[in-house]
Amino acid sequence: LNAEYEIVRRRIINNIKELRSFIDSEIIKLQQQPNVTIPELLPSLQHILDLVAQHTRWLLRNMDKLAEADGYATWRKKEVSKLNNLVQRRFFHLQNPPDCKKVKKIVCDLRPHNSFGGQVHRIVFCFIVAYKTQRTLILKPDNWYYSQGRWNDVFKPISNTCIDFNGEDFTNWPKDNHTQVLDLPPIHHILPTPSYLPLAIPEDLALRLVRLHDNPIVWWIGQILKFVYRPNQKTAAFLQNASGNLGFKRPIVGVHVRRTDKIGTEAKYHSIEEYMSAVDEYYNQLQLKENVDKRRIYLATDDPEVITKARNEYPHYEILGNSAIAKTASVDNRCFITALKGIILDLHMLSMSDFLVCTFSSQVCRLAYEIMQNYFPDASAKVTSLDDIYYFAGQSFNFRTAIMAHDSNRFGEIQLLPGDLVSIDGNHWNGYSKGRNLRTNQTGLFPSFKVRNKVVTAKFPTYSELYN
Ligand code: GDP
């Protein structure tokens with residue numbers, strides 16, 4: 001299958017969305033400037049907005065049809081399942097050595113983090129180091145933040161044969177590569193950041209992944225979560241029961257509204273209307289494809305008020321959610337076992353949804369998006385983040401490559417030449433992104449369609465012994 005075809009197909013989809021954001025935001029700016037815009041123009045501006053919305057939805061629908069009609073749908077499904085088997089077999093091999101007494105180990109203490117997202121992402125980081133160094137990963141069992149419990153109280157063990165972190169000799173990373181047991185510090189203590197950490201993906205998988213997926217690093221992290229983040233029997237039964245009680249049914253959009261301690265410290269406030277406008281857009285698009293009998297969302301939040309407000313303001317929506325969970329999720333209650341159950345359930349519901357609306361500044365949103373990758377061949381576009389672009393905490397640079405020149409005298413914009421590397425800060429979701437051009441050292445805005453993702457790869461072992 002032609003990789004270029006898949007890449008171009010996905011690029012067009014992104015271009016259409018960027019074009020829509022650009023026109024919307026420029027027209028809205030005009031509407032909101034009463035001194036500049038003559039009142040007679042206002043109906044025309046609204047007309048442009050309406051027609052552009054309809055037109056771009058129709059374009060996206062046609063792209064959808066193209067993907068259905070090009071005959072590659074079966075290939076996409078098969079390829080993702082092959083890659084998934086390949087990677088999971090390697091993980092299983094790494095994590096189940098025949099002799100735990102002799103094997104080299106990485107020990108991963110969860111304590112440096114005191115949040116669910118932080119601890120799970122710490123395991124992902126440790127797992128990548130383990131996979132790279134071919135050492136079996138051992139989780140320190142007794143220091144789970146929630147309820148002083150243990151990882152294995154809720155999740156399956158990450159090994160069937162090796163959970164003992166003892167060994168002949170022991171040292172802290174990175175002192176001695178020959179020591180049997182290595183203890184890993186927090187990711188940001190490892191300096192300089194090793195080149196194989198996110199956003200890098202394994203070189204030996206890169207070609208296939210780039211063809212298959214629009215955001216390969218998220219697929220890679222999703223695979224690791226698929227291996228380590230597996231509810232044990234008790235948790236699985238709880239999830240099944242609870243999601244049934246909540247009335248999980250498709251179509252459904254997962255909405256995560258992060259409030260309490262995050263607002264004003266690490267993230268900006270976004271009103272419920274902003275979230276719901278993205279949800280509306282999802283359903284307006286879906287309605288071109290199928291009849292939607294009921295617009296439905298699952299609303300996860302750490303602020304119970306959000307659920308009440310949403311139900312009052314959006315009575316035509318079916319809003320699944322549980323204020324009691326939201327209450328235990330708020331900042332004062334997070335160390336209890338009920339909070340742990342709540343976040344696991346919320347993540348389950350969010351990641352199982354058909355689409356996500358949330359803020360990537362929150363680890364909860366990123367985690368749901370990562371897990372979601374395991375349910376579709378490519379779920380990279382199944383999200384609207386109201387703030388950041390996707391990132392992995394502790395990552396090194398996130399680059400884009402300019403594919404065409406940009407020259408502008410507008411204030412705040414930077415110049416681009418084809419081939420320029422740009423370290424990206426964010427997407428303003430108005431047609432523009434912000435970043436630093438490494439060639440000129442200029443920082444500023446440029447049209448998002450003039451760059452493409454630069455996928456970073458790193459050498460990893462290929463576990464060839466598995467195929468002998
Ligand atoms: P971040 O602070 O949003 O980046 O995410 P973290 O996982 O680091 O910490 C936030 C913590 O707040 C989570 O681990 C949960 O315990 C809790 N939390 C935040 N949002 C929700 C939510 O929607 N549902 C539940 N159940 N808990 C949440």
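Every number here is computed from the coordinates shown, using simple stated rules; none is lab data. Worth saying up front: this structure is predicted, and the values here are computed from it rather than measured. Positions of Cβ are backbone-derived with ideal geometry, glycine not excepted, and every protein chain shown enters the neighbour counts.
General observations
- Of the residues making up segment 258-295, those that are in contact with a helix residue (DSSP H, G or I) (Cβ under 7 Å, 6 or more places away or on another chain) and closer than 15 Å to Leu386 by Cα number 3.
- Residue that is more than 16 Å from the ligand (Cβ to nearest atom) and either out of contact with any Pro (no Cβ under 8 Å at 6 or more places or on another chain) or of a type in the set (Lys, Arg) (or both), where the choices are Arg135, Arg111, Arg122: Arg135
- Boolean, Thr359 is polar (S, T, N, Q) and over 25 Å from Trp219 (Cα atoms): no
- Search result, residues across segment 364-378 that are more than 14 Å from Asp302 (Cα to Cα) and within 12 Å of the ligand (Cβ to nearest atom): Arg366, Leu367, Ala368
- Tyr298 being touching a strand residue (DSSP E or B) at 6+ places or on another chain (Cβ under 6 Å), within 16 Å of the ligand (Cβ to nearest atom), not hydrophobic (A, V, I, L, M, F, W, C) and not in a strand (DSSP E or B): no
- Residue within segment 355-363 that is touching a Gly at 6+ places or on another chain (Cβ under 7 Å) and within 15 Å of the ligand (Cβ to nearest atom) present: yes
- The set of residues from segment 245-263 being under 15 Å from Asp302 (Cα atoms) and of a type outside the set (Lys, Arg) comprises Gly254, Val255, His256, Val257, Thr260, Asp261, Ile263.
- Checked against (1) of a type in the set (A, V, I, L, M); (2) within 29 Å of Ile337 (Cβ to Cβ); (3) away from the ligand (no atom under 16 Å from the Cβ), Val103 meets all criteria but (2).
- Tabulated pairs, segment 236-264, first under 21 Å from Lys309 (Cα atoms), second of a type in the set (Val, Ile, Thr) and exposed (fewer than 13 other Cβ atoms within 10 Å of the Cβ), C-beta under 7 angstrom, 6+ apart or interchain: Thr260/Val331; Asp261/Val331
- Remark: Val210 matches the filter, which requires a residue to be within 20 Å of the chain's Cα centre (by Cα), surrounded by fewer than 19 Cβ atoms within 10 Å (Cβ to Cβ) and of a type in the set (A, V, I, L, M, F, W, C).
- Boolean, Ser21 is within 28 Å of the chain's Cα centre (by Cα), in a helix (DSSP H, G or I) and surrounded by 15 or more Cβ atoms within 10 Å (Cβ to Cβ): yes
- Count of segment 292-322 residues, restricted to those that are hydroxyl-bearing (Ser, Thr, Tyr) and farther than 16 Å from Leu350 by Cα, is 3.
- Single residue of segment 54-104 satisfying the filter (closer than 25 Å to Phe165 by Cβ and among the charged types (D, E, K, R)) that is surrounded by the fewest Cβ atoms within 10 Å (Cβ to Cβ): Asp99
- Among the criteria (1) surrounded by 18 or more Cβ atoms within 10 Å (Cβ to Cβ); (2) more than 16 Å from the ligand (Cβ to nearest atom); (3) under 17 Å from the mean Cα position of the chain (by Cα), the one Tyr432 does not fulfil is (3).
- Candidate set from segment 246-264 (those that are farther than 14 Å from Phe355 by Cα and of a type in the set (A, V, I, L, M, F, W, C)); member that is farthest from the ligand (Cβ to nearest atom): Leu246
- Taking segment 265-293 as the range and being within 16 Å of the ligand (Cβ to nearest atom), in contact (Cβ under 8 Å) with a residue 12 or more places away in the chain and over 20 Å from the mean Cα position of the chain (by Cα) as the test, only Ile272 passes.
- Residues within segment 412-423 that are over 21 Å from Phe22 (Cα atoms) and touching a Ser or Thr at 6+ places or on another chain (Cβ under 8 Å), tallied: 3
- If you go through segment 311-329 and pick out every residue that is near the ligand (Cβ under 8 Å from one of its atoms), over 23 Å from Arg295 (Cα atoms) and out of contact with any Phe, Trp or Tyr (no Cβ under 9 Å at 6 or more places or on another chain), you end up with 1.
- Residues within segment 424-450 that are closer than 23 Å to Ile16 by Cα and either hydroxyl-bearing (Ser, Thr, Tyr) or in contact (Cβ under 8 Å) with a residue 40 or more places away in the chain (or both), tallied: 10
- Counting only helices (runs of 4 or more DSSP H) that sit completely within segment 319-400, those holding 3 or more residues that are among the small types (Gly, Ala, Ser) correspond to 323-329, 337-352.
- Listed by first and then second residue, the pairs linking a residue in segment 114-138 that is in contact (Cβ under 8 Å) with a residue 24 or more places away in the chain and polar (S, T, N, Q) to a residue that is within 16 Å of the ligand (Cβ to nearest atom) and assigned to a helix (DSSP H, G or I), with Cβ atoms under 7 Å apart and 6 or more places separating them unless they lie on different chains, are Ser115/Gln363.
- Among the residues of segment 302-309, some residue qualifies, meaning at least one is among the hydrophobic types (A, V, I, L, M, F, W, C) and either part of a helix (DSSP H, G or I) or within 13 Å of the ligand (Cβ to nearest atom) (or both).
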